[in-house]
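The values are calculated or read from the model by the stated rules, or taken from the named source; none is laboratory data. Note that this is a predicted model, so its numbers are computed, not measured. Every residue, glycine as well, gets a Cβ built from its backbone with ideal geometry; the counts of neighbours run over all protein chains shown.
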Amino acid sequence: MSARIGVAVMAVLLALYIVLVGQRAVLLVLSGDPVGIAMGVALVALPIIAAWALGRELWFGHRATRLGRMLDAEGGLPEIDVAVRPSGRPVRDEVDALFPEFRADAEQHPDDWRSWYRLGLAYDGAGDRRRAREAVRTAIRLESAERRSGV
């Protein structure tokens, strides 16, 4: 739940940023000064990029959460007993020891979104966020294709 609160706070702050930068952009464009107009036009791009990035991240989070719930409902989430730190994060060495099992499962079942989602969880537990996101994106893509094909 605290992650959702954090996302909500960041979204509100980014929305505030978008509004404030947008207002400054309008004021600069209306100034009539050629440099001000150029800066105002350039500032219009920043809120657009920020809104796009926010939307993309929220959509990724929504779809990843949906897949996690689906996998949990199927009983497919791994039940791993590893030590955790006071923050709730797993101890990296223990997750690293389990990681080859998840990688092998994804390699044996390259078209199974469930295997890729579990691999993403393992990457995340090992602290490799970039690969975790790649694996979860693959899971999202595969599940979407599976849903469209009606399998």
Boolean, V95 is at pLDDT below 90 and either of a type in the set (D, E) or in a loop (DSSP other than H, G, I, E, B) (or both): no
Neighbours by Cβ (under 8 Å, 6+ apart or cross-chain): first from the stretch 54-69, in the same structural domain as G6 (by TED's automatic domain parsing); second surrounded by 17 or more Cβ atoms within 10 Å (Cβ to Cβ) and outside any helix (DSSP H, G or I): none
Flag if W113 is aromatic (F, W, Y), surrounded by 14 or more Cβ atoms within 10 Å (Cβ to Cβ) and either within 21 Å of R4 (Cβ to Cβ) or modelled with pLDDT of 80 or more (or both): yes
Residue in the stretch 59-66 that is assigned to a helix (DSSP H, G or I) and surrounded by 15 or more Cβ atoms within 10 Å (Cβ to Cβ) present: yes
Which listed residue is over 30 Å from Q23 (Cα atoms), over 17 Å from the mean Cα position of the chain (by Cα) and either at pLDDT 90 or above or surrounded by 13 or more Cβ atoms within 10 Å (Cβ to Cβ) (or both), from E143, E134, E101: E101
V84 vs. criteria free of Cβ contacts under 8 Å to residues at least 24 places away in the same chain and more than 30 Å from W116 (Cβ to Cβ): no
Every pair of residues 6+ apart whose Cβ atoms lie under 6 Å, when the first sits in the stretch 125-151 and is in a helix (DSSP H, G or I) while the second is of a type in the set (V, I, T) and surrounded by 12 or more Cβ atoms within 10 Å (Cβ to Cβ): G125/V95
